[in-house]
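One structure is given here, and the rest of the page talks about it.
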Amino acid sequence: AEKIAAGCGTHPDSTAKLLPALASSGYLRARGDQYELSPLSRKWLVTTSPHAVNDKLLLQFYELGLMQRADEYLRSGKPLDFHTGMSDDVWDSYQRGMKCLTTGQTGMVAKAVPVPEGATDMLDIGGSHGAYSVELCRRHPALRAVVFDLPDAVRHAAPLLAEEGMGDRVRHQAGNALTDDFGEACYDAVVIIGVAHHFSDEQNRELTAKVARALRPGGVYTVAEFPAASGGGRTQQLAALRDFYFALASESGTWSPAQIASWQRAAGLRP
């Protein structure tokens with residue numbers, strides 16, 4: 001305990017109280033008065049592991065602070081607006097935490113996203129760190145991607161994208177997806193992954209109309225989202241909690257596949 005406390009900058013007495021609790025929870029292995037990391041911790045908590053979720057756990061200090069203000073939202077009906085007023089430190093933690101959430105998912109998502117044969121240009125709306133665009137471009141060698149996001153998001157996500165070494169094939173463009181125009185017949189594919197829950201039904205309809213104009217003939221608009229709850233019971237617990245959290249933190253909430261398809265049909269697309 002003394003050696004661990006010295007390495008972590010904690011007090012030996014309180015550290016000695018914590019270590020058995022961590023061992024009984026599976027984070028450490030105890031051998032007498034000695035401790036070592038368990039396989040669980042080596043996989044998920046050591047920063048050099050490709051599966052590490054440290055950045056997401058650090059972000060949760062901010063997210064839990066939002067949840068502690070749920071009473072404000074319930075009394076006023078006004079969301080707390082996650083992205084407004086974040087300090088540079090929180091923006092940096094947010095971008096790293098969001099990229100952390102893609103661990104183990106980018107390949108699965110890239111395989112599922114339909115990219116037209118011969119596609120060369122893709123728009124990634126709200127893609128921040130660019131992890132999904134990077135994976136899609138690696139999967140489709142002729143593809144280039146523009147990762148479109150808010151200026152603060154781009155500023156803090158740029159170092160994360162640079163680490164991928166994709167050069168000009170995946171680049172950032174700062175802007176506001178709700179107010180900026182995407183052009184006409186510019187892209188073979190457009191993706192929006194984990195972003196539509198920040199926007200209202202009306203905003204998503206207007207956004208989809210702009211995307212439809214920006215697509216080339218035969219182009220595809222992919223909306224990847226957490227699905228809305230489709231009933232009650234414990235099986236829908238996580239979906240219902242997500243909907244509440246996104247409404248509290250960001251003004252909107254989750255959407256059903258039928259609602260998402262309705263935005264596409266209204267824009268003249270075929271789901």
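Restricting to segment 167-226, what's the tally of residues that are within 20 Å of Val134 (Cβ to Cβ), open to solvent by 60 Å² or more (accessible area, probe 1.4 Å), at pLDDT 95 or above and not in a strand (DSSP E or B)? Final tally of qualifying residues: 1. Does any residue of segment 93-115 turn out to be in a helix (DSSP H, G or I), aliphatic (A, V, I, L, M), at pLDDT 90 or above and over 21 Å from Val195 (Cβ atoms)? No, there is no match, as no residue in segment 93-115 is in a helix (DSSP H, G or I), aliphatic (A, V, I, L, M), at pLDDT 90 or above and over 21 Å from Val195 (Cβ atoms). Does at least one position in segment 48-64 carry a residue that is surrounded by fewer than 16 Cβ atoms within 10 Å (Cβ to Cβ), of a type in the set (Ser, Thr, Tyr) and either closer than 23 Å to Ala153 by Cα or out of contact with any helix residue (DSSP H, G or I) (no Cβ under 9 Å at 6 or more places or on another chain) (or both)? Within segment 48-64, one or more residues are surrounded by fewer than 16 Cβ atoms within 10 Å (Cβ to Cβ), of a type in the set (Ser, Thr, Tyr) and either closer than 23 Å to Ala153 by Cα or out of contact with any helix residue (DSSP H, G or I) (no Cβ under 9 Å at 6 or more places or on another chain) (or both).
Only one of the numbered conditions (1) hydroxyl-bearing (Ser, Thr, Tyr); (2) surrounded by 12 or more Cβ atoms within 10 Å (Cβ to Cβ); (3) within 30 Å of Phe199 (Cα to Cα) is not met by Ser41, and that is (3). Restricting attention to segment 36-56, the residues that are in a helix (DSSP H, G or I) and in contact (Cβ under 8 Å) with a residue 12 or more places away in the chain total 5. Do we find a residue being open to solvent by less than 50 Å² (accessible area, probe 1.4 Å), touching a strand residue (DSSP E or B) at 6+ places or on another chain (Cβ under 7 Å) and closer than 29 Å to His140 by Cα anywhere in segment 232-244? No. Please verify whether Tyr132 is in contact (Cβ under 8 Å) with a residue 12 or more places away in the chain, touching a helix residue (DSSP H, G or I) at 6+ places or on another chain (Cβ under 7 Å) and within 25 Å of Gly167 (Cβ to Cβ), treating the condition exactly as stated. Judged against the criteria, Tyr132 is a match.
The values are calculated or read from the model by the stated rules, or taken from the named source; none is laboratory data. Computed from a predicted model, the values in this text were never measured in an experiment. Neighbour counts run over all protein chains shown; Cβ positions are idealised from the backbone, glycine included. For accessibility, only protein heavy atoms count, side chains too; no ligands or nucleic acids. Shrake-Rupley method; radii C 1.70, N 1.55, O 1.52, S 1.80 Å.
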